[in-house]
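Data block below; observations after.
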Amino acid sequence: MARVDTGAAVQAGQDIFYDGDPAQPAGLVAQAAPEPQKRRARPQSGVALIVCLPIAAVEAAAKGAGRLTLGTPDGPPLADLHLPYPLLEDI
């Protein structure tokens, strides 16, 4: 799960790019919905996302070693990346 601040419409199927390999999309938006007003960084801009991404790209972005963006390599950055549930370590 993630969020993005953008005034543009966000739709399922939009590409997500990782600056570690900007020549091709790293993943995509599975679902998007406007954030509740109280959670938005700016009025009318917050979008909550369910995304499909490689774990390595998410971990790198969380450590500041990379950046995930919506739509294009120069698009708005994704924020608050987290898994909606814990992954089992022994599988």
Exercise for the section: Using the charge dipole of the chain (Lys, Arg: +1 at Cβ; Asp, Glu: -1 at Cβ; taken about the Cα centre), state which of ALA60, THR72, GLY46 has its Cα farthest towards the positive end. Expected result: GLY46
Completion exercise
Taking TYR85, TYR18 and counting other beta carbon atoms within 10 angstrom, the fewest-first order is TYR85, TYR18
Problem - Amide H partners (placed H, <5 Å) of GLY75, local residues excluded - result: LEU70
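How would the chain be classified by its alpha-carbon gyration tensor: rounded, prolate or oblate, with rounded meaning a/c under 1.5 and the a/b versus b/c comparison settling the rest? Walk me through the numbers on the way to the answer.
On the way: a/c = 1.76, a/b = 1.27, b/c = 1.38.
It comes out oblate by the Cα gyration axes.
Could you please rank ILE16, ILE55, placing first whichever residue has the fewest other Cβ atoms within 10 Å of its Cβ? Provide the component values of the computation, followed by the final result.
Numbers: ILE16 22, ILE55 9.
Fewest-to-most Cβ neighbours within 10 Å comes out as ILE55, ILE16.
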Exercise for the section: Along Cα→Cβ, 7 Å out, is where each label goes; now give me the distance between the ones at ASP21 and ALA62 in nm to one decimal. Expected result: 2.0
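Going by C-beta contacts inside 10 Å, put GLU35, GLU89, GLU59 in order with the fewest on the left. Working shown, then result.
Working: GLU35 16, GLU89 5, GLU59 12.
Result, fewest neighbours first: GLU89, GLU59, GLU35.
No value in this document is a laboratory result; all are computed from the given coordinates. As the structure is a computational prediction, the values presented were derived from the model and not from experiment. In this analysis, Cβ positions are derived from the backbone assuming ideal geometry, glycine residues included, and neighbour counts consider all displayed protein chains.
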